[in-house]
Amino acid sequence: MTAGQSGMARCINLAALQVLIQLLAGDGYAVIGPIRRDDAIVYDRIAGITDLPAGWTDDQGPGHYALVRRGDDALFGYAVGPDAWKRFLHPPVETLWRAQREGDTFTLAAPRAPAPRYAFLGVRACDLRAIAIQDRVFCQGAYTDRSYADRRRNAFIVAVHCGGVGGNCFCASMGCGPRVDAGFDLALTELVDPAPHRFLIEVGSEAGAAMLARLDSEEATSSDLDLAESVFKRAASQMGRHINTRGLKELLQTQPHHPRWDEVAARCMACGNCTMACPTCFCTTIEDHGSIDESSAERVRTWDSCFTLDFSFIHGGSVRQSASSRYRQWLTHKLAHWIDQFGVAGCVGCGRCITWCPVGIDLTEEVAALRMATDPGSTVSHEHP
Amino acid sequence: MRHRPRLAVWKFASCDGCQLSLLDCEDELLALTEAIEIAHFTEATQASLPGPYDLSLVEGSITTPVDAERILEVRRQSKCLVTIGACASAGGIQALRNFAGIEDVVATVYPTPSYIRTLATSTPIAAHVPVDFELRGCPINKAQLLEVIAAFLAGRKPAVSSYSVCIECKRRGNVCVMIQGIPCLGPTTHAGCGAICPAYRRGCYGCFGPMESANTTALAREWQARGASSLQVNRALRSFNAAAEAFQTEALRHER
Ligand code: SF4
Ligand code: SF4
Ligand code: SF4
Ligand code: SF4
C-alpha cells in the first residue's frame with residue numbers, strides 16, 4: 001500500500017510518535033531505534049523521541065563516516081549507520097545449548113529464554129529487504145532456524161522512508177529502495193518543512209492498523225502527499241553510488257581469473273568488516289566449550305566471515321588461502337551465487353560494506369572494474385596496477 | 001581417581017603477567033587443581049616436582065645463552081608445550097633489541113655492562129624448539145587460557161581464532177574508530193582480547209600480534225593516507241610483537 005493510492009494515508013505529529021513508542025513499550029516490546037553514540041547513529045533501546053538523533057545527519061564515503069549537524073530538527077535525517085537490524089534478529093553470539101553431566105549421563109538444555117519481542121523504529125527500505133532476505137535464509141529453506149524465526153515473528157516494524165540518502169547508498173540500483181514497499185507494520189515519511197513537524201503514516205499490516213487506531217492522527221492533506229512524493233523523488237535522485245546489474249551474475253560467474261581479484265587483494269586486509277556490517281550476510285561458526293572439570297559443555301554460535309581462513313578449512317587445510325580468492329567469494333556470493341541459492345541477490349545497496357571497510361574498498365567500483373574487461377562500453381576507468 | 005595430568009609453568013624473559021593470568025582464574029582455580037597436578041609453578045609454589053610433564057605452559061622469550069639451553073630441557077620433559085603470551089610467541093617488547101646494537105642496549109641499561117651475558121636478539125620459543133600451540137596476547141586472555149587447558153584435558157582443538165580483531169570488534173557492537181579517524185591495528189591483529197581498546201574508543205595496539213593473513217602493507221598505506229607519518233607506522237608496529245614477521249617486515253619499510 002502506498003500513500004498516494006490508498007486515500008487512507010494519515011498524518012501524526014511528534015506527540016503521537018512519542019505515544020507510539022510508549023504504547024509499543026507498554027505492549028511489552030523492547031523498542032529499538034536510532035540513537036547517537038560514539039559519534040555515530042546506532043540502534044539501541046529507546047524510551048521516547050528525545051532519544052532520537054534530532055538534527056543530525058551522516059557524511060559517508062568509502063572508509064568514511066562522520067556525523068554533521070543538519071539545518072533542521074529532523075529525527076530521521078540520515079542514512080544507515082554501522083549496525084544492521086541483524087544484530088537483534090540474528091545476534092552476533094548465541095548459545096545454542098548447554099549440557100550438564102549427571103553421573104554417567106548428561107542432560108541437554110536449550111538455554112532459550114522466551115524470544116525477545118522487538119519493535120524496530122526507523123527501518124529503511126534497504127534494511128527491510130535485508131530482513132526479507134534473511135527470512136529466506138533462516139525460515140524458508142528445508143530447515144527453519146527456530147530462534148531467528150521466533151524473534152522475527154514477534155517483531156513489530158516501523159519503517160521510515162529515506163529523506164536524504166547517504167554517499168554510499170545504491171539501493172535504487174539493486175531495486176531495494178529508497179521507497180519502502182513491503183515488510184512493515186507501519187511506515188513513516190518525515191515531513192519537516194514547512195512546519196508543523198509531522199509524519200505521513202502508512203499501514204502495512206493488521207497489527208499496524210490496530211496500532212494506528214490507538215494514535216491521534218489526521219487525514220493527510222493533498223499537500224502532505226505531494227510533500228512526501230518530493231521526499232521520495234529527492235532520495236531516489238541522490239544515490240551516492242550505482243551498480244549496473246545487467247548480466248552481472250553471468251559476468252561474475254565467468255571471471256574467476258580476472259586480474260582485478262589480485263589487484264583488490266593487494267588492498268584488502270581480509271579483516272571481515274564488510275561481512276560483519278552487511279545486513280544480509282548470515283554466516284556463523286560453531287564453537288564448543290567444556291568446563292575444566294568436564295561437568296558441563298556448551299555450544300555457541302557466532303557471526304563468521306568468508307574472509308577468515310577457518311571458514312574454508314577442510315581436511316588438509318583452507319581452500320581459500322589467497323586474499324583474492326576470499327574477496328572473490330564475498331563479491332560473487334553477494335551478487336551472483338546468492339541468486340542461484342535464494343532467488344535474489346544478497347546485496348540491497350545499503351553501502352555499509354563501503355563505509356565500514358577500513359581501507360574503503362567499494363564493491364560498486366570493483367564491479368565496474370570487473371565489467372571493463374568484458375564491456376568496453378562502460379565508463380569507469382580500469383585501474384590495473 | 002583417574003590420573004591427573006601434570007602441569008608445569010615455566011618462565012623465561014618476561015614480566016610474569018601471563019603466568020599471573022593463571023593465578024587470576026580465581027573461580028576456576030579449584031577445579032583446575034582438581035583436574036591437573038601442578039608439578040612446577042614457582043609463581044604459585046616453591047615445591048617443584050621433577051618431570052616429565054604432560055602440559056608445559058611457557059612464558060617469556062629466549063634472550064640468554066643459559067635460557068637457550070634451558071628451553072631444550074623443558075621441551076624434552078614436556079609432552080605438550082604451549083607458549084603463553086607475546087614474549088614466548090613473538091619475542092616480546094624486549095625484541096626491540098633486535099633492531100639496535102646489543103652493546104648499546106646493554107650499556108644504556110646496566111652500569112657495569114661487563115656483568116651481562118646476553119644474546120643479541122630476543123626470540124620466540126618456536127625459534128628454538130617445536131611448539132604445540134601458541135597462545136597470543138600481551139597479556140594473554142585468561143578465558144582463552146582456560147579454554148586451551150580445557151581443550152588439552154578433553155583432547156580437542158582449542159577454540160581460539162586467528163582472524164582479525166575487527167571480527168570481535170563488530171560482534172561486540174563497537175563503532176569502528178579507524179573509520180572515524182583514529183589509527184587502529186585491528187584489521188591486521190590477531191583476535192583474542194575481545195576488541196577492548198576500540199570499545200574504549202582507542203585504536204588497537206596490536207597486543208596479540210599479526211592475524212592469520214596480516215596485510216600490514218595495506219594497513220600502513222591506509223594509515224599514511226589518513227595522515228600518519230612513517231615514524232608513527234614504524235612505532236605502532238614496533239611494540240610487544242615487534243619481531244613477529246608481518247609486523248617486523250612492514251616496520252622495516254618505515255625505518256628512517
Ligand atoms: S554487500 Fe554491502 S551494500 Fe550490499 S547489502 Fe551488504 S553491506 Fe550493503
Ligand atoms: S559473503 Fe561471505 S560471509 Fe557473507 S553470506 Fe556470503 S559466504 Fe557468508
Ligand atoms: S573488503 Fe575491506 S572490510 Fe572487507 S575484508 Fe577487505 S579490507 Fe576488510
Ligand atoms: S576499530 Fe579497529 S578493530 Fe574495530 S573494526 Fe575498526 S579497525 Fe577493526
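Which residues, taken from segment A:187-212, are more than 12 Å from A:Cys11 (Cα to Cα) and of a type outside the set (Gly, Ala, Ser)? Give the derivation first.
We begin by selecting, within segment A:187-212, every residue more than 12 Å from A:Cys11 (Cα to Cα); these are A:192-195, A:204-211.
Once the filter is applied, which keeps residues that are more than 12 Å from A:Cys11 (Cα to Cα) and of a type outside the set (Gly, Ala, Ser), segment A:187-212 yields A:Val192, A:Asp193, A:Pro194, A:Glu206, A:Met211.
Mind listing whichever residues of segment B:124-151 are within 10 Å of chain A (Cβ to nearest Cβ) and either within 16 Å of ligand 3 (Cβ to nearest atom) or open to solvent by 50 Å² or more (accessible area, probe 1.4 Å) (or both)? Spell out the reasoning first.
Initially, segment B:124-151 is screened for residues within 10 Å of chain A (Cβ to nearest Cβ), giving B:143, B:146-147, B:149-151.
Matches in segment B:124-151: B:Ala143 only.
Looking at (1) surrounded by 17 or more Cβ atoms within 10 Å (Cβ to Cβ); (2) more than 16 Å from ligand 3 (Cβ to nearest atom); (3) not aliphatic (A, V, I, L, M), can you tell me which one A:His64 breaks?
Going through (1) surrounded by 17 or more Cβ atoms within 10 Å (Cβ to Cβ); (2) more than 16 Å from ligand 3 (Cβ to nearest atom); (3) not aliphatic (A, V, I, L, M) one by one, A:His64 breaks only (2).
Surrounded by 17 or more Cβ atoms within 10 Å (Cβ to Cβ), away from chain B (no Cβ under 11 Å), modelled with pLDDT of 95 or more and touching a helix residue (DSSP H, G or I) at 6+ places or on another chain (Cβ under 8 Å): does that describe A:Trp303? First the steps, then the outcome.
Values: surrounded by 17 or more Cβ atoms within 10 Å (Cβ to Cβ): yes; away from chain B (no Cβ under 11 Å): no; modelled with pLDDT of 95 or more: yes; touching a helix residue (DSSP H, G or I) at 6+ places or on another chain (Cβ under 8 Å): yes.
Criteria not met by A:Trp303.
Are any residues in segment A:37-60 within 13 Å of chain B (Cβ to nearest Cβ) and out of contact with any Asp or Glu (no Cβ under 9 Å at 6 or more places or on another chain), and if so, which ones?
A:Asp38, A:Asp39, A:Asp58, A:Asp59, A:Gln60, listed by residue number.
Just wondering, is there one or more residues in segment A:185-207 that are assigned to a helix (DSSP H, G or I) and under 27 Å from B:Ser161 (Cα atoms)? Lay out the reasoning, then the answer.
Just the residues of segment A:185-207 that are assigned to a helix (DSSP H, G or I), to begin with: A:206-207.
Restricting the remaining residues to those that are under 27 Å from B:Ser161 (Cα atoms) gives none.
Within segment A:185-207, none of the residues are assigned to a helix (DSSP H, G or I) and under 27 Å from B:Ser161 (Cα atoms).
Hey, can you tell me all the residues within segment B:78-120 that are open to solvent by 60 Å² or more (accessible area, probe 1.4 Å) and of a type in the set (S, T, N, Q)?
If the condition is that a residue be open to solvent by 60 Å² or more (accessible area, probe 1.4 Å) and of a type in the set (S, T, N, Q), then B:Thr108, B:Ser114 are the ones that fit.
Take A:Asp83 and tell me if it is within 14 Å of another protein chain (Cβ to nearest Cβ), open to solvent by less than 50 Å² (accessible area, probe 1.4 Å) and at pLDDT below 95. First the steps, then the outcome.
Values: within 14 Å of another protein chain (Cβ to nearest Cβ): yes; open to solvent by less than 50 Å² (accessible area, probe 1.4 Å): yes; at pLDDT below 95: yes.
So A:Asp83 fits the description; yes.
Please list, ordered by first then second residue, the pairs with beta carbon atoms under 8 Å, 6 or more apart or interchain, first in segment B:158-182 and more than 8 Å from chain A (Cβ to nearest Cβ), second acidic (Asp, Glu) and surrounded by fewer than 20 Cβ atoms within 10 Å (Cβ to Cβ).
These pairs meet every condition: B:Pro158/B:Glu147; B:Val160/B:Glu147.
Within segment A:280-310, how many residues are within 22 Å of the chain's Cα centre (by Cα), part of a strand (DSSP E or B) and of a type outside the set (D, E, K, R)?
Result for segment A:280-310: 4.
Report the residue count in segment B:220-256 for those that are of a type in the set (A, V, I, L, M, F, W, C) and in contact with an Asp or Glu (Cβ under 8 Å, 6 or more places away or on another chain). First the steps, then the outcome.
Kept after step one, since they are of a type in the set (A, V, I, L, M, F, W, C), are these residues of segment B:220-256: B:220, B:223, B:225, B:228, B:231, B:233, B:236-237, B:240, B:242-244, B:246-247, B:251-252.
Now narrow it down to the ones that are in contact with an Asp or Glu (Cβ under 8 Å, 6 or more places away or on another chain): B:220, B:233, B:237.
Adding up the residues that qualify gives 3.
Being farther than 28 Å from B:Arg4 by Cβ, at pLDDT 95 or above, open to solvent by 50 Å² or more (accessible area, probe 1.4 Å) and in contact with a helix residue (DSSP H, G or I) (Cβ under 7 Å, 6 or more places away or on another chain) is the requirement here; does A:Arg267 meet it?
Numbers: farther than 28 Å from B:Arg4 by Cβ: yes; at pLDDT 95 or above: yes; open to solvent by 50 Å² or more (accessible area, probe 1.4 Å): yes; in contact with a helix residue (DSSP H, G or I) (Cβ under 7 Å, 6 or more places away or on another chain): yes.
So A:Arg267 passes the test.
Please state which of the following conditions A:Thr275 fails to meet, knowing it meets all the rest: (1) assigned by TED's automatic domain parsing to the domain that holds A:Cys353; (2) away from ligand 1 (no atom under 16 Å from the Cβ); (3) open to solvent by less than 40 Å² (accessible area, probe 1.4 Å).
(2)
Of all residues in segment B:187-209 being at the interface with another protein chain (Cβ under 7 Å from one of its Cβ atoms) and open to solvent by less than 20 Å² (accessible area, probe 1.4 Å), which is nearest to ligand 4 (Cβ to nearest atom)? Step through it out loud before you land on a result.
Going residue by residue through segment B:187-209, those that are at the interface with another protein chain (Cβ under 7 Å from one of its Cβ atoms) are B:187-188, B:201.
Restricting the remaining residues to those that are open to solvent by less than 20 Å² (accessible area, probe 1.4 Å) gives B:187-188.
Numbers: B:Pro187: 5, B:Thr188: 9 Å.
Restricting to residues being at the interface with another protein chain (Cβ under 7 Å from one of its Cβ atoms) and open to solvent by less than 20 Å² (accessible area, probe 1.4 Å), the top hit is B:Pro187.
Quick test for you: out of A:Leu23, A:Leu96, pick the one residue that is in contact (Cβ under 8 Å) with a residue 40 or more places away in the chain and either within 13 Å of chain B (Cβ to nearest Cβ) or closer than 21 Å to A:Ala210 by Cα (or both). If you could, list the steps in order and put the result at the bottom.
Working: A:Leu96 fails: either within 13 Å of chain B (Cβ to nearest Cβ) or closer than 21 Å to A:Ala210 by Cα (or both).
One residue alone meets the criteria, A:Leu23.
Return yes when A:Pro178 is assigned to a loop (DSSP other than H, G, I, E, B), at pLDDT below 95, of a type outside the set (Lys, Arg) and open to solvent by less than 30 Å² (accessible area, probe 1.4 Å) and no when it is not.
It is true that A:Pro178 is assigned to a loop (DSSP other than H, G, I, E, B), at pLDDT below 95, of a type outside the set (Lys, Arg) and open to solvent by less than 30 Å² (accessible area, probe 1.4 Å).
Quick one: which residue in A:Ile286, A:Ile339 is open to solvent by 10 Å² or more (accessible area, probe 1.4 Å), of a type in the set (A, V, I, L, M, F, W, C) and out of contact with any Gly (no Cβ under 9 Å at 6 or more places or on another chain)?
One residue alone meets the criteria, A:Ile286.
Tell me the strands (runs of 3 or more DSSP E) entirely within segment A:74-161 that contain at least 2 residues that are under 30 Å from A:Ser295 (Cβ atoms).
On the way: elements: A:93-102, A:105-109, A:118-123, A:156-160.
Where strands (runs of 3 or more DSSP E) fall fully within segment A:74-161 and carry at least 2 residues being under 30 Å from A:Ser295 (Cβ atoms), they are A:93-102, A:105-109.
Looking at segment A:313-336, which of its residues are surrounded by 15 or more Cβ atoms within 10 Å (Cβ to Cβ), within 12 Å of chain B (Cβ to nearest Cβ) and more than 13 Å from ligand 3 (Cβ to nearest atom)? Lay out the reasoning, then the answer.
Looking only at segment A:313-336, we keep the residues that are surrounded by 15 or more Cβ atoms within 10 Å (Cβ to Cβ), and these are A:318, A:320, A:323-336.
With within 12 Å of chain B (Cβ to nearest Cβ) added as a condition, the list becomes A:318, A:320, A:323-327.
Correct list: A:Ser318 only.
Of the residues A:Ala277, A:Ala236, A:Ala270, A:Ala228, which single one is farther than 21 Å from A:Lys86 by Cα and within 16 Å of ligand 4 (Cβ to nearest atom)? Even if it seems obvious, please write down each step before you answer.
Numbers: A:Ala277 fails: farther than 21 Å from A:Lys86 by Cα; A:Ala236 fails: within 16 Å of ligand 4 (Cβ to nearest atom); A:Ala228 fails: within 16 Å of ligand 4 (Cβ to nearest atom).
Just one listed residue meets the conditions, A:Ala270.
The values are calculated or read from the model by the stated rules, or taken from the named source; none is laboratory data. Small disclaimer: the values here were computed from a predicted structure and weren't measured. With ideal geometry, Cβ positions are generated from the backbone for all residues, glycine too; neighbour counts draw on all protein chains shown. All accessible areas refer to the heavy atoms of the entire protein, side chains included, with ligands and DNA or RNA removed. Shrake-Rupley method; radii C 1.70, N 1.55, O 1.52, S 1.80 Å.
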